[in-house]
Every structure is written in structure tokens, then in C-alpha cells.
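Here's the structure, in C-alpha cells; my notes come after.
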Amino acid sequence: MTAANFSSEIIYADNAATTPIDADALALMVELQKKFFANPSAAYSLSRQLRKILQDSREKIAACINAEPYEIFFTSGGTESDNWAIKSVALANLSERPDIVTSAVEHKAVLNSCAALKNLGCTVNKLPVDYNGTVSFDALRKKITRRTKIVSIMLANNEVGTIQPVKALAEIAHDKRKIFHTDAVQAVGHIPVDVENLGVDMLSASAHKFNGPKGVGFLYVREGLRILPYIDGGDQEFSKRAGTENVPAIAAMALALEKNCRVMRKTAAKLSSCAKTLIDCLRNSGADFIVNGGENRLPGHLSLSFRNCDGETLMHRLDLKNICVATGSACNSRRTEISHVLKALKVPKEYIRGTIRVTFGKDNSVSEAETVGKILSEIISGK
Ligand code: PLP
């Protein structure tokens, strides 16, 4: 089966795991890979053109999140950006055995960065969330101590889509003179992200979540905030992240983000219609289910828990009908254990095992959402 006929047969509704690459971004990446293969650090004019492409990409990305170009550091993706942000602050203060404050619903890239730092003597405080997945302001105020060096709370959750009140959370951290990082991997390119308005000090993003290529992302670091280099070597990325830059992927990331941001409102409206169509279909069929994550969620992002069902079975039965959805987050979808996010939300026990995640993307149509709704209703009702 070729990639082409594979993709035309399926309904892909797992866009929180990864998104299909935008056609123009792919074309640009291929073209640059062919024509601009030189090392951007070399002295001849071909390399100067590559440095110009890098700078243009930095400017484009900065403009999309209201940052300055020199505040954007290219990385290999969300995992690296999260590791860099948290570890650089903690390691710079390691002798003081710093406290890190985060939430119970973070991605493993954050939680396991914190776990690694715990092994080095740091203390990690995980804030609980309410049943919508939201961190409380009081809980954050109480957990910040004199030894806290960094607060890391995600902008949007990858499993249930909850959007956190990051602006207010960052204000609380700043009132206590603490650095605030947000994992915005699920948010960038999907909802408006303005680093000035949010008031964050660092922000992680990943291209493959906004129709860019895999293996590339960025970390925003507010001007004046000094962070340790992540990879030692040459002087790429302002001597903070060494290694020859992947210019074609970076340029494709910038283009994909720019394109998504340009049509963000229109896409969000369509995604909300897709989500509503699926929910209406399930409700009309009489299915007994909960929509997790509260009202303030990413558009088109549905975490659905069906009473007395098995999420994994639902996922496989949908797969047999060429519909791709997830059970939990993609990173642990091969394990059957209940996700830490659903546990933190205290999804009732008769529903929690029957959870699937349906995440529509810009290439999905309302009619596809209708098909998913119809087939899922049939599976649930045992037809
Ligand atoms: N953070 C969140 C919220 C994510 O959803 C993901 C990916 O699933 C990551 C971080 C890791 O990003 P990447 O796959 O680019 O390493």
C-alpha cells in the first residue's frame, strides 16, 4: 500500500499526536534540501543565503507569537524545548537544591525532566487540577516557596485539551519573582499565542503539531533571561544550542506556522463544528459518555469517556474502519495503563477506562466528523 492511497482511505482524527505536513511547507523543505544543502556557518554566498533563510524564519516565527527574533531558539521539538527550559534553570541553581513547581497534567517531557532533576536533589511540587483539568491560583500561590526557581505549567493539555489560565498563573509566579515556563506545544498554531500578553518567560513549541515537519521546534526565551546552553559545541543559536541547523525543516516550520496563524479563526470555527457534529451524533444515538476537559478547550479536541467501555477496544474497532483516534496521549498509547491526566481529573471509574481522544485538524471536514460519529455510535450500541 503506497503512502498516497493509504492516506486517501483513512479518516485521520489524531491531530494532537501529530498533524499532516502542510503541502507548501513540504514543497519548500524539499526544494531547500536540494538547492540549499550548504552549511549555514560557511563563509561563501550560498551559506549567506542559508543564514538569511534562518533569520527570515526566526522573524516569521517571532511575529506569530509577538516575540523578537532573537528570543527564538530553534530546537529538535517540544521535548527538547521543555527539557532545556526546565533543566537550564534548575541546573544553574543546583547547589541551592531548587524547588520546581509544575502541574499533575503536564506532558511526560515536562514531568520526566522534573523527575530527572529530582534525582539530582531538586524538589518537585505537582499542582492538582480540578475535574476540568484547570490548575487553581491558590494552589500555585501556596506551593511557591523561597527555594522555587521555576514554575512550568502548560498552555493547553495534550490529552483533554484544557486551556490553562496561563496569564494569571504567570502573574502569580512573577509576583513572587519566579521564572515562568509554559509548554505551548498543543497551542501554538491553533489558538492565539502572544508571549507579551501571556507574560511568560519561556515557551515551548513543536512544528509537527502545527502542520510543520517532525524533529524541529523552538523555545522562546524572554530577552534578558540568561539560560544555560543546552548542547555544547559550535556557536549556532547564539552559542546556546550547538549543531548544524536543519534549515529546510526550520523554514518549513516557519511557513506552516505563518499559514496556520493566518487562517486560525476560520480553522477553529470549522474544528468546533466538527466536534459539535460528533457530540450531537453520539447524543442522538443515546450513548452514555462524558466530554473531559471543561468548556475552555482547544478547538476540535475531544476526550470522550464512555460508560463501561474499553477505550483500547474502541480505538481498535475504529481502526478497522480506517478511523485513527487515540486512547490516551500518543506517547503512551501502546500501554494500557490509565493516563495520569485522566486520573488527575478524577474521571469517574465507570467511565475512565472507556476513554478515547478524537482530535480534528485543518484537513478534516464536518462530513468526516459525521462519519466518525455514526460509526462510533454503532460500535457503542453494539450494532
Ligand atoms: N508537550 C506536549 C504538550 C505534547 O503534546 C508533546 C507531544 O505530544 C510534547 C510536549 C513533545 O513534543 P515533541 O513530539 O515535538 O517532542
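The values are calculated or read from the model by the stated rules, or taken from the named source; none is laboratory data. Only a predicted model underlies this, so the values are computations on that prediction, with no experimental measurement involved. Virtual Cβ from ideal backbone geometry, glycine too; neighbours counted across all protein chains shown. The protein model used for the area step is the full one, side chains on, heavy atoms only, and it has no ligands, DNA or RNA in it. Shrake-Rupley method; radii C 1.70, N 1.55, O 1.52, S 1.80 Å.
Ala90 meets the stated requirement of being away from the ligand (no atom under 16 Å from the Cβ), in a helix (DSSP H, G or I), more than 30 Å from Val347 (Cα to Cα) and open to solvent by less than 10 Å² (accessible area, probe 1.4 Å). Exactly one residue out of Ile65, Ile100, Ile86 is of a type outside the set (Asp, Glu) and more than 20 Å from Lys126 (Cα to Cα): that is Ile65. On the given criteria, is Asp175 acidic (Asp, Glu) and touching a Lys or Arg at 6+ places or on another chain (Cβ under 9 Å)? Yes; evaluated as a whole, the condition is true for this residue.
Does any residue of the stretch 57-64 turn out to be among the aliphatic types (A, V, I, L, M), surrounded by 15 or more Cβ atoms within 10 Å (Cβ to Cβ), outside any loop (DSSP other than H, G, I, E, B) and in contact with a Lys or Arg (Cβ under 7 Å, 6 or more places away or on another chain)? For the stretch 57-64, residues among the aliphatic types (A, V, I, L, M), surrounded by 15 or more Cβ atoms within 10 Å (Cβ to Cβ), outside any loop (DSSP other than H, G, I, E, B) and in contact with a Lys or Arg (Cβ under 7 Å, 6 or more places away or on another chain): absent. Against the numbered list (1) small (Gly, Ala, Ser); (2) in contact with a Leu (Cβ under 7 Å, 6 or more places away or on another chain); (3) closer than 15 Å to Ser57 by Cβ; (4) part of a strand (DSSP E or B), Gly212 comes up short only at (4).
Taken together, the criteria exclude Ala17 from residues that are surrounded by 15 or more Cβ atoms within 10 Å (Cβ to Cβ) and away from the ligand (no atom under 16 Å from the Cβ). Looking at Ser329, Ser303, just one residue is under 22 Å from the mean Cα position of the chain (by Cα), modelled with pLDDT of 95 or more, open to solvent by less than 40 Å² (accessible area, probe 1.4 Å) and within 16 Å of the ligand (Cβ to nearest atom), and that residue is Ser303. Within the stretch 199-214, the set of residues being open to solvent by 10 Å² or more (accessible area, probe 1.4 Å), more than 11 Å from the ligand (Cβ to nearest atom) and out of contact with any strand residue (DSSP E or B) (no Cβ under 7 Å at 6 or more places or on another chain) comprises Gly199 only.
From the set of residues in the stretch 215-246 that are within 14 Å of the ligand (Cβ to nearest atom), open to solvent by less than 60 Å² (accessible area, probe 1.4 Å) and part of a loop (DSSP other than H, G, I, E, B), which is farthest from Gln55 (Cα to Cα)? For the stretch 215-246, the residue satisfying everything is Gly215. Of all residues in the stretch 130-162, those being under 17 Å from the mean Cα position of the chain (by Cα), within 15 Å of His107 (Cβ to Cβ) and among the β-branched types (Val, Ile, Thr) number 3. Consider Leu257 carefully, then state whether it is in a helix (DSSP H, G or I), buried (at least 22 other Cβ atoms within 10 Å of the Cβ) and within 16 Å of the ligand (Cβ to nearest atom). Here the answer is yes, as Leu257 does meet what is asked. The set of residues in the stretch 336-359 that are open to solvent by less than 60 Å² (accessible area, probe 1.4 Å) and in contact with a Lys or Arg (Cβ under 8 Å, 6 or more places away or on another chain) comprises Ile338, Tyr351, Ile352, Gly354. Residue pairs whose Cβ atoms lie under 8 Å apart, sitting 6 or more positions apart in sequence or on different chains, and linking a residue in the stretch 228-255 that is touching a residue at least 60 places away in the same chain (Cβ under 8 Å) and on the phi > 0 side of the Ramachandran plot to a partner that is of a type in the set (Ser, Thr, Tyr) and open to solvent by 10 Å² or more (accessible area, probe 1.4 Å), are Phe238/Tyr70. If you go through the stretch 102-122 and keep only what is more than 10 Å from the ligand (Cβ to nearest atom), open to solvent by less than 30 Å² (accessible area, probe 1.4 Å) and farther than 11 Å from Ile86 by Cβ, you end up with Ser103, Ala104, Gly121. For the stretch 171-192, the candidate set comprises residues that are closer than 20 Å to Leu225 by Cβ, more than 13 Å from the ligand (Cβ to nearest atom) and in a loop (DSSP other than H, G, I, E, B); within that set, the residue that is least open to solvent (accessible area, probe 1.4 Å) is Lys178.
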